[in-house]
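Comments concern the structure below.
The values are calculated or read from the model by the stated rules, or taken from the named source; none is laboratory data. Note that this is a predicted model, so its numbers are computed, not measured. Cβ placement follows ideal geometry from the backbone for every residue including glycine, while neighbour counts extend to all protein chains displayed. When the accessible area is computed, the model is the full protein with side chains, heavy atoms only, and any ligands, DNA or RNA have been set aside. Shrake-Rupley method; radii C 1.70, N 1.55, O 1.52, S 1.80 Å.
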Amino acid sequence: MYINTNAKQLVRIMLVIFSIFIINGCKSDMQITSPSTTTGGQTAKNSTISGQVINSSTGIPIDSALVYIVGQSSSQQIYQTALTDVQGKYSITVSLTANANFTIYVTKSGFVQDTTAVTVTYGSDYSVSLISLAASGNTQKPSGNPVSIYLISQSTQSIGVQGSGSVETATLTFVAVDSSGTPIDLNHSVVVNFTLGANPGGTITPSPSSVQTNDQGQASVNISSGTKAGVVQVYASINLGTKIIYSQPVALAIFGGLPDQAHFSIVPSMYNFPGYDIFNLINPITVLVGDKYSNPVRPGTVVYFHSTSGIIDGSAITDANGVGSVNLRSGNPIANNTPYGIGFAEITGYTADENKNMIYDSVKILFSGIAQNPVVSPTTFDIPNGGFQNFNYTVSDENGNPLAKGTTINVSVSGANVAAQGDVAVTLPDTQSKTWTQFSFQVYDTADTVNVAGPVSIIISTNGPNGSSSTTIYGTSH
């Protein structure tokens, strides 16, 4: 017949109990009791014995380990069993009429049994020290002294600043090994110190700052974020006599928190977008989102968008720099119905802050139309010998708005002994201001010794994203 390891251990424990019972059987006042039993002389009171069982190598809680307590208090003989839960925790309640001494047996298939002795005070609970079970059949050879230390595991590659709603602590586990690469054993256990290298500041803390290696040569540290985003470097070091052994720096990213109204911005690629008459042109819109510490918000923050004209992508997702982007496409409805005037539209982006309040920013976009022929004044002229003539001209779209960035304006003059100066070669910036629709130049006679009338022509031309246009006027010069 097959009997599993837990059952075998239980049989052994029962034999121990039976032996105790036989040895003490001649005592007429002896009894075996459950938690609800009371005996004469003193009122019985409940006491809870609790603790946790972990794997001695990994520190991971052990589920379903058998915990068996055997004890004696005055005339009471007590025994109870329990199984650990998924967190390796157990709890046993006993009824005592006096102080009691207990032996706690812990067994689990694949592990070496542990025995712990405790004394429970009458009427009080007792918390048992952490019980570590070693895996059975562990034949790891003895190690030497450590010669190096390195990272073997990291719970997460990034954490969030305090109050970000993201995980704020990362666990880093290092292992110290000897010259053969074997993790150091308990006989060669050392203290590992943890320090920070480059970091953004903001009360970042390693905890603990130092720890003793376990039987697998491992030491773990928790890194908790502060109030600033950035990258923090973590070092593990061992002081071995006069020698210091360092690990390579481990980089851990700290991301920002939730959006903040004061750090929320929307910026278009073009403030002047030549899409009033041409559909399906694209104007990328960028959103920049920071938290209350002025750091980029955590990656994956969603920002929603709305436009009063054309079509815009519904949302953007921020990256590690707090930046997201959507595309605005020209189309219906045409930008005619805003407080800013014909041709103007409003783009709004919005999200929520840490208090679940909506925050937003908006930007005004000019949808500029087709370039109109320049309007010049005067349209006729007669420049006297050695004299000049001033001209004013307007360059705009059909709504009187400035043309888009990159539009070039040129004024060329043809005729004998004449030249022009002023706004004769202009390149427009990305602007919505109508001041960039008004220009002027001067044509003057370059030879004042000859007074002979001759024809002069002036061409004002534009070329750019809104198309091309031109106007020609004629006159004379003496």
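A few comments on the model shown:
- Candidates Ser136, Ser189, Ser180 - the one that is free of Cβ contacts under 8 Å to residues at least 40 places away in the same chain, surrounded by fewer than 15 Cβ atoms within 10 Å (Cβ to Cβ) and farther than 22 Å from Ile62 by Cα: Ser180
- Some residue of the range 274-290 being crowded, with 23+ Cβ neighbours inside 10 Å, among the β-branched types (Val, Ile, Thr) and in contact with a Pro (Cβ under 6 Å, 6 or more places away or on another chain): yes
- Of the residues examined, Lys364 is not one that is part of a loop (DSSP other than H, G, I, E, B) and open to solvent by 10 Å² or more (accessible area, probe 1.4 Å).
- If you go through the range 345-361 and keep only what is in a loop (DSSP other than H, G, I, E, B) and either touching a helix residue (DSSP H, G or I) at 6+ places or on another chain (Cβ under 7 Å) or closer than 30 Å to Val452 by Cβ (or both), you end up with just Asp353.
- Scanning the range 93-105 for residues being out of contact with any helix residue (DSSP H, G or I) (no Cβ under 9 Å at 6 or more places or on another chain), assigned to a strand (DSSP E or B) and either open to solvent by 10 Å² or more (accessible area, probe 1.4 Å) or closer than 12 Å to Leu133 by Cα (or both) gives a total of 2.
- Residue satisfying all of: in the range 372-394; part of a loop (DSSP other than H, G, I, E, B) and more than 30 Å from Asn451 (Cα to Cα); least open to solvent (accessible area, probe 1.4 Å) among these: Pro374
- Count of the range 92-113 residues, restricted to those that are of a type outside the set (S, T, N, Q) and within 11 Å of Ala65 (Cα to Cα), is 5.
- Scan of the range 307-351 for residues that are in contact with a Ser or Thr (Cβ under 6 Å, 6 or more places away or on another chain), closer than 30 Å to Val161 by Cα and open to solvent by 10 Å² or more (accessible area, probe 1.4 Å), ordered by number: Ser325, Thr348
- Strands (runs of 3 or more DSSP E) contained in the range 229-344 and holding at least 3 residues under 30 Å from Gln157 (Cβ atoms), out of contact with any helix residue (DSSP H, G or I) (no Cβ under 7 Å at 6 or more places or on another chain) and of a type in the set (Gly, Ala, Ser): 230-240
- Qualifying residue in the range 269-287 (condition: touching a Lys or Arg at 6+ places or on another chain (Cβ under 6 Å), touching a residue at least 40 places away in the same chain (Cβ under 8 Å) and of a type in the set (Phe, Trp, Tyr)): no
- With respect to the conditions (1) charged (D, E, K, R); (2) open to solvent by less than 60 Å² (accessible area, probe 1.4 Å); (3) in contact with a strand residue (DSSP E or B) (Cβ under 6 Å, 6 or more places away or on another chain), Asp397 lacks only one, and its number is (3).
- Selected residue (only one of Ser477, Ser470 is of a type in the set (S, T, N, Q) and open to solvent by 50 Å² or more (accessible area, probe 1.4 Å)): Ser470
- Flag for Thr301 being touching a residue at least 24 places away in the same chain (Cβ under 8 Å) and under 30 Å from Val161 (Cβ atoms): yes
- Residue within the range 326-339 that is polar (S, T, N, Q), under 19 Å from the mean Cα position of the chain (by Cα) and on the phi < 0 side of the Ramachandran plot present: no
- Just so you know, in the range 35-71 the residues that are open to solvent by 50 Å² or more (accessible area, probe 1.4 Å), farther than 28 Å from Ser220 by Cα and assigned to a loop (DSSP other than H, G, I, E, B) include one that is modelled with the lowest pLDDT, and it is Ser36.
- Here Thr116 meets the list (1) open to solvent by less than 40 Å² (accessible area, probe 1.4 Å); (2) touching a residue at least 24 places away in the same chain (Cβ under 8 Å) almost entirely, failing just condition (2).
- Residue within the range 364-373 that is at pLDDT 95 or above, under 30 Å from Ala262 (Cβ atoms) and of a type in the set (S, T, N, Q) present: no
- Enumeration of residues in the range 349-377 that are of a type in the set (S, T, N, Q), in contact (Cβ under 8 Å) with a residue 40 or more places away in the chain and under 28 Å from Asp397 (Cα atoms): Ser362, Ser368, Gln372, Asn373
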